[in-house]
Ligand code: 5AD
Ligand code: FES
């Protein structure tokens, strides 16, 4: 296989055949040429800018039981918490002072947070911080619920498709959850005019290269504004405790492939990537990523929101984390911008 040929073809056509994609994903030669090609494209579109999204993990109650996740409802050892609306607003206030202009409210699927409660929080944030974007990441809901959140002021929604392959989906989730419904949610969100983020875990149990190719094909159909990928990391209190975590190299390869296929997409260097390697996020940026999503949750609840083991930044105050990040981002030749950080689209504008 001619790696250079595949990289050039991908950079020019933004696509490859299934067979070529598979070869490039499984390629065992150095990541460096692929990362360099991806970085070139990211600099053409986004320059050296890195966008920040302030993540507020506001509840770890979850009615779902995904086999990979540390806050699954069957994990009785997980201590549960919920932030009050006042606590959530205090996180935003602290984040705003540090330059954050996007707040991501992420939580388990917590029945306590009815549509009405979610809408109240969203409206309160948009009222207090009119120059900020509110992003929700609270799982699978009905079209009507998504519409209500949108009307309340939410502009963006993150929902990873997890895996596009129906059989693989079934191996990662209990029968109550389906890939079909998850994908329905994503298309509903697009219909409602959300900027949508999707994505998948790299190296999840039973994942094959063919599955990853299907994930990429699904993403091409969905055409999301953001693609979040990070390594699967084992959590001891889950049924997948004995599986190996996903690899740094494969995650980096995929980040670069995604940057070349979707030149304009927002691509986070995820916390999971920073967890499997002390310089994972820096390497992610060099491989094509252009977003970092630091934790703005109160320090006393951070360790309770553990989807996987050994998550980073647990003890850090938001301000310390902000300084740490700035140094990390600059160490690899990029620059954090305090901006709402909309996706740059050639075909349409986003609001
Ligand atoms: N390792 C890595 N990522 C995980 N997620 C959930 N559990 C794990 C894990 N063990 C990811 C899922 C989910 C996102 C919020 O976190 O992809 O969509
Ligand atoms: Fe959070 Fe370094 S990025 S402490």
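Summary table below
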{"item": "Fewest-first sequence of 253, 117 by Cβ atoms within 10 Å of each Cβ", "result": "117, 253"}
{"item": "Prolate/oblate/rounded label for the chain (Cα gyration tensor, a/c 1.5)", "result": "rounded"}
{"item": "C-alpha center-to-center spacing [the stretch 190-265, the stretch 152-176] in angstrom", "result": "11"}
{"item": "Relative packing of peptides 79-86, 329-336 - highest average C-beta neighbours within 10 Å first", "result": "329-336, 79-86"}
{"item": "Mean projected area (nm²) of the alpha-carbon convex hull when the stretch 1-137 is viewed from all directions", "result": "12.4"}
{"item": "Value in Å of the Kirkwood radius, where the stretch 71-158 supplies the Cα pairs that are averaged", "result": "13.7"}
{"item": "Distance between modelled label sites at residue 221 and residue 236, nm, 7 Å Cα→Cβ extension", "result": "4.1"}
{"item": "Global geometry of the stretch 196-339, whether rounded, prolate or oblate, following the gyration tensor of its Cα atoms and the 1.5 cut on a/c", "result": "oblate"}
{"item": "Residue order, fewest to most beta carbons within 10 Å, for 55, 186", "result": "186, 55"}
{"item": "Protection-proxy order for peptides 157-170, 15-28, 305-318, each taking the mean of Cβ atoms within 10 Å per residue, highest first", "result": "157-170, 305-318, 15-28"}
{"item": "Packing rank of 226-233, 87-94, where each peptide gets the mean count of other beta carbons within 10 Å, highest leading", "result": "226-233, 87-94"}
{"item": "Mean separation of Cα contacts under 8 Å (6+ apart) over length of the stretch 1-78, as relative contact order %", "result": "18"}
{"item": "Calculated P(r) tail over 16 Å for the stretch 1-47, as whole % of Cα pairs", "result": "36"}
{"item": "Under the Debye formula (equal points on every Cα, no solvent term), log10 I(q)/I(0) of the stretch 285-336 at q = 0.17, 0.19, 0.30, 0.32 Å⁻¹", "result": "-0.60, -0.72, -1.15, -1.22"}
{"item": "The stretch 61-80 and the stretch 295-333: distance between their alpha carbon centers, rounded to Å", "result": "22"}
{"item": "Cβ-derived FRET efficiency at R0 56 Å, residue 116 paired with residue 30, nearest 0.05", "result": "0.60"}
{"item": "Longest to shortest principal axis, alpha-carbon extents of the stretch 222-265, angstrom", "result": "38, 21, 10"}
{"item": "Distance between modelled label sites at residue 2 and residue 309, nm, 7 Å Cα→Cβ extension", "result": "4.5"}
{"item": "Shape call, the stretch 30-104: gyration tensor on alpha carbons, a/c limit 1.5", "result": "oblate"}
{"item": "Least to most buried among 53, 43, 101 (fewest other Cβ within 10 Å first)", "result": "43, 101, 53"}
{"item": "Label-point separation in nm, residue 76 to residue 131, each point 7 Å along Cα→Cβ", "result": "5.1"}
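All of the numbers you see were taken from the coordinates with simple rules; none came from a lab. Remember, predicted model here, so these are calculated numbers, not experimental data. Counting neighbours? That spans all protein chains shown, and the Cβs are built from the backbone with ideal geometry, glycine included.
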